Every structure is written in structure tokens, then in C-alpha cells.
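> Please find one structure pasted underneath; my questions will follow.
The values are calculated or read from the model by the stated rules, or taken from the named source; none is laboratory data. Everything numeric here is computed off the predicted structure, so don't read it as measured data. So basically every Cβ, Gly included, is an ideal-geometry build from the backbone, and we count neighbours across all protein chains shown.
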Amino acid sequence: MPDNVANSPLLEVDDLRTTFTIPTGDVKAVRGVSFTLDRGRTLGIVGESGSGKTVLARSIMRLNLGTNVTTTGTAAFDGNDVLTRSPSEMRQLWGSEMAMVFQDPMTSLNPLVRVQRQVTEHLCRHLNLNRSEARQAAVDLLREVRIPDPDTRLRSFPHELSGGMRQRVCIAVALACEPSLLFADEPTTALDVTVQHQILNLLSREQADREMAMVLVTHDLGVVAGRTDDTMVMYAGTVAEYAPTVSLFADMRHPYSEALMRSIPLTSFPSHTRLAAITGRPPDLIDPPTGCAFSPRCPYVQDHCVNEAPPLVEIDDPAHRLACWTPVGSPEALTAFEKNLAAGLPQAVAVDVSTTWSPTGGVDG
Amino acid sequence: MAGTGKAHLRPGDDVLVTVEDLVVEFPVGRGRTVKAVSGISFDIRSGETLGLVGESGCGKSTSGRAIIQLPRPTSGSVTFRGVDLADLSDEEIRQRRTHIQMIFQDPISSLNPRRTVGDIVAEPLRVWGPSDASEQEAIVDRMLDSVGVDPDTARDKRPHEFSGGQCQRISIARSLVMLTNRGNLHRSRRRSRSSSRSRGRGRGRLLICDEPVSSLDVSVQAQILNLLEDLKAGYGLTMMFIAHDLAVVKNISDRVAVMYLGKLCEVADPDTLYAEAAHPYTDLLLGSVPEPDPTVEIDEGLIEDGELPSPSNPPSGCRFRTRCERVTDLCSSEEPQMRAVGDDHFVACHHPLAAVAG
Ligand SMILES: Nc1ncnc2c1ncn2[C@@H]1O[C@H](COP(=O)(O)OP(=O)(O)OP(=O)(O)O)[C@@H](O)[C@H]1O
Ligand SMILES: Nc1ncnc2c1ncn2[C@@H]1O[C@H](COP(=O)(O)OP(=O)(O)OP(=O)(O)O)[C@@H](O)[C@H]1O
Ligand code: SF4
Ligand code: SF4
Ligand SMILES: [Mg+2]
Ligand SMILES: [Mg+2]
């Protein structure tokens, strides 16, 4: 392998845009996302429900997007743009080089086919195993993802497994052919914390052993904090903030990131603590705001924000990138907040109220 | 008699649903069965939220589905408003849809891909709601709006055009449309003659939520949890809330039950449970919650191997004994029974972490 390939990032995504054309207009689900991912590293993606995380992953994988879709930009995998490859070239990559764990396991498992056939077919196709070898490999895979009694489980239909078992079957299938890039879209939502811990350990072992890179989409900020190298925060199809995970959690600068942190329920909160939610709804992606996408809900919003969208730029730490005119913690942000609060802007009032800690009831909104 | 006991059940008229000795087994071929739920009992008072947590595959969804008799339990009783649902015909169960709703796990695949979102959410109203179409539409719009989905853009789209979390909210809206529709009370009574028997014990409607917020970002999750709390207060909604996120369960619940391999381990109010877990499995769970702080060390090396206990051939005695650090001989020979360790705090363990009361 030539040097320049070995040193270049495994995945380099530049200005990716994905649009769905529907009768009422164009849904701009991903609106210019760029990032790079090196071998063996993990990128965490968090963001508002509907912000384009799944569409972004599927656009790069070129999977299940339908016929009414347009994708532009580039996504170079190992130096070659996957967006221009033919369907048959993509089929070569799927499974063996790039694999994906889908958000809802039932959408990738065939409900009418026993688990065994779904796992072994994949193994036979990609690893050239005969049937009995494939069956043994399937048993080993299910055991590895902590499914009890794998022999019996292989004879089950997907609906006969629990939600978390289905999710683990999908993880097993994705790992089977030792991909060098794994997209894991909410891979542990149906797992209890002890099994989740084991599955994440299994993934990090794969990463250490084979330099597998991973894009981990998750809403669990505990998982992001503990298991990723870099974190990208998405909002309405764009990147709001993108930084090494440690610096992001130490210093959240985007108002949306800050709002997310404020909404996390912790086990240390008393039961029935009123949780802080962001007021309002995310923008309509057919006709998104011209200025900052978060401006209709941002407690720090100023006139400038509504007129012009902030670019994603490096701040003090060059690895920390931010798309916001007045970062959280800056004097300008404080002034804007006080002004908005005085004017009775609902999103400012909500933040003000939600941060008033009451000793009996906790945070009260 | 094997069974984890019923010391935690509460007598009284304010109990809406009582599940006793519930057993659910599935045949898995070659004469073997999976014992998904092996004799559990629990109750939920009117207006109360019972949180249910436990290992993946331990039988939480099966327990929730057993309440709505889907499928019918192998044995045990499910008493709802004084009537054992197991005695009712399928049609009589169906008529209780205005009183019991379930939000299923796997949001995307549980929505009909061929229907529009407007239709999906309005569907229960077509049978049970107000007859006026514009009134129905207003209810649908209000419900979509309260789960944070824009009714104007969503109404004519189909499920695959939505994100995972949007689908999850649509399925929440569908269930809530049914349960918060005051107009249906009268009509459903008229339809169901047998409901006259059901008066007298426990009032209100039951919402069984199976991982209802697992696909939502924390802000939308907060919005939905707040909405459920408001509906609970406004409509006296009673809930069973199944989830893996222990902070979410603590937040929403009035009482929490912990399950392991088809059995109940521990029951308590959330503040007590999280502060003084008495069952070793509860303690293990609480100790494994990942914290939103990247500087906290995690043990990435830990990968347990060896056979896991299986629900088709569970360990004798205490089912947690193959993984428990406090295990003794007693644990394999005798099944622990539920007993009180404090005020409204019950545990099924021979050697609990908290001293046993009285
Ligand atoms: N096939 C489609 N046609 C039209 N719009 C679509 C389609 N698929 C997705 N969308 C829209 O694109 C946006 C992004 O969706 P995506 O599934 O990527 O969100 P997400 O960030 O993964 O959210 P979640 O956390 O809820 O899974 C959403 O607003 C969704 O409604
Ligand atoms: N229809 C079925 N046929 C056979 N086995 C089944 C069926 N439904 C569930 N099971 C089995 O019953 C057990 C309990 O499953 P259940 O779905 O109740 O678990 P769960 O606690 O909800 O898990 P998760 O947290 O992963 O969703 C599992 O071993 C599962 O495989
Ligand atoms: S301060 Fe302005 S630019 Fe920054 S997030 Fe708020 S609205 Fe957007
Ligand atoms: S009964 Fe024994 S094995 Fe079971 S949890 Fe208690 S101490 Fe552990
Ligand atoms: Mg998604
Ligand atoms: Mg389940």
C-alpha cells in the first residue's frame, strides 16, 4: 500500500448534502457536512431527533435512501469517492469494507426468515464458508454478542427474540466480515447497561485489533463521553459543533450543545424532577431559516443570527470547531441573553426558570 | 412452591391492575420451551407509574404484552379494574382498547408503512372518537404538536419519511389520542355490555410504554417525559414504563421493579431503590450507568465469556447466582422469596445488601 494511502484518513467527507424530493418540496436533510475519520478512531454523532444523522450515514453507505434522493459532495473512503461508485462496486464494499448497524433492527432483518439463514447467508457470501462452517461461525458470533443459548436462537425468527437480542444479531452480522469502517446507528438503545458495556467493549476490541474505524450515532451522552475520540453535534442537517470529545465536554460552546447537556436526566436527580426541554420545534427542512438554524429556539439569539448563518470555524483550540456568532460563555452571549430575558423571549425565560434549583423539587420548569 | 412471592403486592381499591404468578412460555422446537416470564407478580395503583428495568431478554416486553393478552399468558392472572383479562374473549379485550394502550418497542417497524401519519394517529378515533371529521383532525393535530412533530408537514407523509425518533413520537401520539380522548368513555360503555362488571375496583386508563424514549435526543426525551407527567396529572393516566435508561426510569416512576431472567429481583420507590439497592443485580446495574463525563475511567477490558444462563434452562435456586458475588450454597438450592427490607422496599435475595426489616 503506498504511503499516501496509509497516512490519509480512512474516511473524508466533504460538503455532503442529501435532499429528498417530495410532492410538497425538497427536504434538505443533510446540508453540508464535512468530517474526517482515521483508522481505529471513533466519531460520535449526537443531535436533535430528525437532524440528519441516519441520512448522513446512509448517504455515505449509499443504502436504502429511495429513488427521490439527491446526494452531492464527496465521501472518500480509502482515497476513493464512494458517491460516484457503481451499485456493484458498492455491493463489494458492503459487509467486507463498510458495514452498518441500523437504528431499528427490524428494518434490516427479514421477519420471515430464521436468524440462522440471515447470518449464515451473509457469511457464505463474504467469507466463502461452506454451510457447516458458516453455522459454527454464526454460533460463535451470537455467543460473542452475549446471546444466551445461541444454538436455539439461530432457529428463531426475528420476532421471537427480544429487542436487545435483535439489535445484537445485527451487530454480529455487521462485525462478521471484519469491516474497516462501521456505522453504528443507535446500536445499544435496546440493551441494559451491563450488556451495553460488554458490547461497547467488544466493539473497542475490534477497533484495537484491526484498526476498525467507527461512526457511533447515539443519544446517550454517557456513551459518547466514554467511547468516542471526537464528537460532532448536528442540528437541522448541519454541524453545530465538532471537537475532540474531551474538549467538547469540558467546554461546550454551542447553545444547542449546552441545551442538550441541560436536558440530561441523571440518576442523582430526585424522582419526578421536571426536566429542561428546548422550547419550540426544529425548523422545517423544506424551507429552513436563512440565518442560523437554531435561531428560532436559541436563548442567545440576536438580529445578526437571523440574517446570516454562522460558518463552522475553529475557535481557540484549532481542533474545536463551532458554528455560532456568540459562543456560550462569551460576554456578547451573556448580554444577548439578558436582553432576550428582559424582552420576555420564551426560550430565554425557559432557560432562566429551568436553572432555578429548588431544594425540594430539584430543577423546576 | 417456586415463585418469587407476593409480599410486595398491595391490597385495596385503588389498584388498577394486578398481575399474579404470570408465566409466559414459548415453544422453540424440539420439545423445548423458552421460559420468558417465570411466575412474576406486580400491581399498579391508579395514577401510578411503575418502572420496569432489567437485563435485555429478561422478559420485560413479554410481561407488558401479557397484560394486553398478546399473546395470552401460559398461566397466571391479569386483573384489570376487577376483571381477569384472561377470562375475556378477544373481542372483549379489543373493546378495552380505550382503557389499555401499549406503545411497542421498535418504533419504525411498528407503524404501518402504507398509511399516512395522519391516518395512523387518527385510526383509533375512527372507531372510538368523535364522529365529526374536523374534530378528529383537531385532536390528531394537537397530539402531534405536543410530541413535537409539526402536524402540517407530517400529516400526509408515510413512516419511512421520518427519522427513528420522529416515528417513536408518532407511535406515542397514536396511543395518547386513544387514552386522552374523553369523548370515548361514553361510547365504549355502550358498546361493551360486560364492562358493567368492571366497575368498583381501580379507575383510570393504563398506558404500557415499551422503551418509548429510546430513540430520542435528551431534549425531546425531556419534552416527552414532561408530557407524560402532565397527562398523568391531567387525565389520571396509569403507566407501566419499560426502559433501559435508569435515570429516565427514576425520573418518571413512582415505583420501580427490577427483573432478571424471567423473575423479579427487587421492588421499591425510585429514590430508595437508587440510594439503597438491596439486590446484587440492581447494584450491578446502577454501577454500570455510563456517565456523561469523558474523564471517568471505564473498564474497557472486561469481556465476560462462558455460557450465559438461558431462559430455556435457567439456573436452580436464585437465577442470578451464576453471576453473583455474594452467592452461597443456599442460593443454588432454594429460590429466594420476595420480602420487605424497608418501607415499601422488597427484595428477593438470600443475602441482600440492606438489612432485612423485622
Ligand atoms: N425518505 C425520506 N423522505 C423524506 N424525508 C426524509 C426521508 N428520510 C428522512 N427524511 C427526513 O430527513 C430528516 C433527517 O432524518 P434522519 O433519519 O437522518 O434523522 P436522525 O438525525 O437520524 O434522527 P433520529 O435521532 O430521530 O433517528 C428528518 O427530518 C426526516 O423527516
Ligand atoms: N414470540 C416468541 N417466541 C419465542 N420466544 C420469544 C418470543 N417472544 C419473546 N421470546 C423470548 O422471551 C424472552 C424474553 O423476551 P422479551 O422480549 O420479553 O425481553 P425484554 O426484557 O423485553 O428484552 P429487551 O430489553 O432486549 O427488549 C427472550 O428470551 C425472547 O427470546
Ligand atoms: S447565538 Fe446566534 S448563531 Fe449562535 S446558536 Fe444562537 S442563534 Fe445561532
Ligand atoms: S440469592 Fe444469592 S445468588 Fe441470588 S442474588 Fe442473592 S446472594 Fe446472589
Ligand atoms: Mg436516526
Ligand atoms: Mg423488550
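> Within the stretch B:3-75, considering only strands (runs of 3 or more DSSP E) that don't extend past its boundaries, which have at least 2 residues that are polar (S, T, N, Q) and surrounded by fewer than 24 Cβ atoms within 10 Å (Cβ to Cβ)?
Working: elements: B:15-27, B:33-45, B:49-54.
The qualifying strands (runs of 3 or more DSSP E) are B:33-45.
> Mind checking whether some residue in the stretch B:3-20 is without any contact (Cβ under 8 Å) to a residue 24 or more places away in the chain and within 16 Å of ligand 2 (Cβ to nearest atom)?
no
> Another question, if that's okay. Away from ligand 5 (no atom under 16 Å from the Cβ) and crowded, with 21+ Cβ neighbours inside 10 Å: which single residue out of A:42, A:21 fits that description? I'd like the intermediate steps shown before the answer.
Values: A:21 fails: crowded, with 21+ Cβ neighbours inside 10 Å.
Step by step, each of A:42, A:21 is checked, and only A:42 is away from ligand 5 (no atom under 16 Å from the Cβ) and crowded, with 21+ Cβ neighbours inside 10 Å.
> Only one of B:120, B:93, B:103, B:172 is within 16 Å of ligand 6 (Cβ to nearest atom) and more than 10 Å from chain A (Cβ to nearest Cβ). Can you tell me which? Even if it seems obvious, please write down each step before you answer.
Details: B:120 fails: within 16 Å of ligand 6 (Cβ to nearest atom); B:93 fails: within 16 Å of ligand 6 (Cβ to nearest atom); B:172 fails: within 16 Å of ligand 6 (Cβ to nearest atom).
Criteria check complete, one pass: B:103.
> Which ones in the stretch B:149-164 are in contact with a helix residue (DSSP H, G or I) (Cβ under 6 Å, 6 or more places away or on another chain), within 11 Å of ligand 1 (Cβ to nearest atom) and farther than 23 Å from residue A:67 by Cβ?
If the condition is that a residue be in contact with a helix residue (DSSP H, G or I) (Cβ under 6 Å, 6 or more places away or on another chain), within 11 Å of ligand 1 (Cβ to nearest atom) and farther than 23 Å from residue A:67 by Cβ, then B:149 is the only one that fits.
> Here's something else I'd like to know. Residues that are within 16 Å of ligand 5 (Cβ to nearest atom): find the helices (runs of 4 or more DSSP H) completely inside the stretch A:182-270 holding 2 or more of those.
Working: elements: A:193-210, A:221-227, A:245-250, A:255-263.
Answer list for the stretch A:182-270: A:221-227.
> Anything in the stretch B:84-105 that is basic (Lys, Arg) and more than 15 Å from residue B:208 (Cα to Cα)? List them, or say none.
Of everything in the stretch B:84-105, just one residue is basic (Lys, Arg) and more than 15 Å from residue B:208 (Cα to Cα), namely B:94.
> Can you name every one of the helices (runs of 4 or more DSSP H) wholly within the stretch B:239-358 that holds 2 or more residues which are closer than 20 Å to residue B:60 by Cβ and touching an Asp or Glu at 6+ places or on another chain (Cβ under 9 Å)?
Working: elements: B:246-252, B:270-275, B:280-287, B:329-333.
Those helices (runs of 4 or more DSSP H) span B:246-252, B:270-275, B:280-287.
> Take the residues in the stretch A:201-224 that are within 8 Å of chain B (Cβ to nearest Cβ) and more than 13 Å from the chain's Cα centre (by Cα), then tell me which one is surrounded by the fewest Cβ atoms within 10 Å (Cβ to Cβ). Before the answer, list the steps.
Initially, the stretch A:201-224 is screened for residues within 8 Å of chain B (Cβ to nearest Cβ), giving A:201-202, A:204-205, A:219-224.
Now narrow it down to the ones that are more than 13 Å from the chain's Cα centre (by Cα): A:201-202, A:204-205, A:222.
Numbers: A:201: 18, A:202: 18, A:204: 20, A:205: 15, A:222: 22.
Ranking the qualifying residues of the stretch A:201-224, first place goes to A:205.
Conditions (1) within 14 Å of chain B (Cβ to nearest Cβ); (2) touching a strand residue (DSSP E or B) at 6+ places or on another chain (Cβ under 7 Å); (3) within 25 Å of residue A:78 (Cα to Cα), marked per residue:
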site	(1), (2), (3)
A:92	no, no, yes
A:141	yes, no, no
A:144	yes, no, no
A:174	no, yes, yes
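> Separate question: For the structure I just gave you, tell me whether residue A:319 is over 21 Å from residue A:48 (Cβ atoms), aliphatic (A, V, I, L, M) and under 22 Å from the mean Cα position of the chain (by Cα). I'd like the intermediate steps shown before the answer.
Values: over 21 Å from residue A:48 (Cβ atoms): yes; aliphatic (A, V, I, L, M): yes; under 22 Å from the mean Cα position of the chain (by Cα): yes.
So residue A:319 fits the description; yes.
> Yes or no: residue A:82 more than 16 Å from ligand 4 (Cβ to nearest atom), surrounded by 15 or more Cβ atoms within 10 Å (Cβ to Cβ) and touching a residue at least 40 places away in the same chain (Cβ under 8 Å)?
Working: more than 16 Å from ligand 4 (Cβ to nearest atom): yes; surrounded by 15 or more Cβ atoms within 10 Å (Cβ to Cβ): yes; touching a residue at least 40 places away in the same chain (Cβ under 8 Å): no.
So residue A:82 fails the test.
> Still on this structure: Yes or no: the stretch B:233-250 includes at least one residue that is within 11 Å of chain A (Cβ to nearest Cβ) and surrounded by fewer than 17 Cβ atoms within 10 Å (Cβ to Cβ).
Of all residues in the stretch B:233-250, those within 11 Å of chain A (Cβ to nearest Cβ) come to B:233, B:242-250.
Now drop any that are not surrounded by fewer than 17 Cβ atoms within 10 Å (Cβ to Cβ), which leaves B:233.
Looking through the stretch B:233-250, at least one residue is within 11 Å of chain A (Cβ to nearest Cβ) and surrounded by fewer than 17 Cβ atoms within 10 Å (Cβ to Cβ).
> I'd like to check something: does the stretch A:161-178 contain any residue that is over 22 Å from the mean Cα position of the chain (by Cα) and within 22 Å of residue B:27 (Cα to Cα)?
Yes, the stretch A:161-178 contains a residue that is over 22 Å from the mean Cα position of the chain (by Cα) and within 22 Å of residue B:27 (Cα to Cα).
> While we're on this one: Of all residues in the stretch A:108-123, how many are touching a residue at least 24 places away in the same chain (Cβ under 8 Å) and assigned to a helix (DSSP H, G or I)? Walk me through how you get there before you give the answer.
Of all residues in the stretch A:108-123, those touching a residue at least 24 places away in the same chain (Cβ under 8 Å) come to A:108-116, A:118-119, A:122-123.
Pick out the ones that are also assigned to a helix (DSSP H, G or I) and you get A:115-116, A:118-119, A:122-123.
Here the count works out to 6.
> With the requirement that a residue be farther than 17 Å from residue A:108 by Cβ and modelled with pLDDT under 95, what does the stretch A:52-67 give you?
The one that is farther than 17 Å from residue A:108 by Cβ and modelled with pLDDT under 95: A:67.
> Just give me the residues in the stretch A:15-42 being within 15 Å of the chain's Cα centre (by Cα) and within 14 Å of chain B (Cβ to nearest Cβ), in sequence order.
Listed by number, the residues that qualify are A:29, A:30, A:42.
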